[in-house]
Amino acid sequence: MTVADQDRAREAARSILREFGISTPPVPIERIIKSRKIVLQYAPLDEDLSGMAYIKDGIGIIGVNALHHPNRQRFSAAHELAHHVLHAPDIRQAVHVDKGIRILFRDDVSALGTEPMEIEANAFASELLIPGELLAAALEGSGVDIEDEAAVEAVARRFRVSPAAMRFRLSRF
Ligand SMILES: [Zn+2]
């Protein structure tokens, strides 16, 4: 089992942010995905499925669970984009299906959360949707108390991510 390379994942995300000249939140994840000629599909999936990534006949495809909250869908889309950017050889061989990406935000170690590919995909998605510089600007040097739910939610809304995703990002900021 290989070790997750989170630095490589974050750098890949930062490279995309630079390419698109993103300077204010929210990050246009749909536009980024479409510009890479990846087909983005929304479909009602089982509640525990967040999304999937695969390559069929040379075409990259991302599927997102349309039944989830829109902000959660954005994270799922970014997570699946990570698999296309970082793990193309793997998803060419088999459809990659993600079950409940949200469990990765819990502190306990889940089977999914320990998979190097998943750790990398979350690091990429977190960096892409909540770029460090934009987060620093949003916090205006004052910081935010992770325990302060209202404050975390307010920042999360600006980036159009779930409070859980924002808490995850802030814990590593
Ligand atoms: Zn995944």
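Every test in (1) at pLDDT 95 or above; (2) over 16 Å from the mean Cα position of the chain (by Cα); (3) of a type in the set (K, R) is passed by R74 save one, and that test is (2).
Among the conditions (1) at pLDDT below 95; (2) away from the ligand (no atom under 16 Å from the Cβ); (3) part of a helix (DSSP H, G or I); (4) not hydrophobic (A, V, I, L, M, F, W, C), the only one that N122 does not satisfy is (2).
For (1) surrounded by fewer than 13 Cβ atoms within 10 Å (Cβ to Cβ); (2) touching a residue at least 60 places away in the same chain (Cβ under 8 Å); (3) part of a strand (DSSP E or B), each residue gets a yes or a no:
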{"position": "A13", "(1), (2), (3)": "no, yes, no"}
{"position": "E19", "(1), (2), (3)": "yes, no, no"}
{"position": "P26", "(1), (2), (3)": "no, yes, no"}
{"position": "I33", "(1), (2), (3)": "no, no, no"}
{"position": "H68", "(1), (2), (3)": "no, no, no"}
{"position": "A77", "(1), (2), (3)": "no, no, no"}
{"position": "V85", "(1), (2), (3)": "no, yes, no"}
{"position": "I91", "(1), (2), (3)": "no, no, no"}
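The values are calculated or read from the model by the stated rules, or taken from the named source; none is laboratory data. Everything numeric in this text was worked out from a predicted model, so none of it was measured. Heads up, the Cβs are rebuilt from the backbone with ideal geometry, glycines too, and the neighbour counts pull from every protein chain shown.
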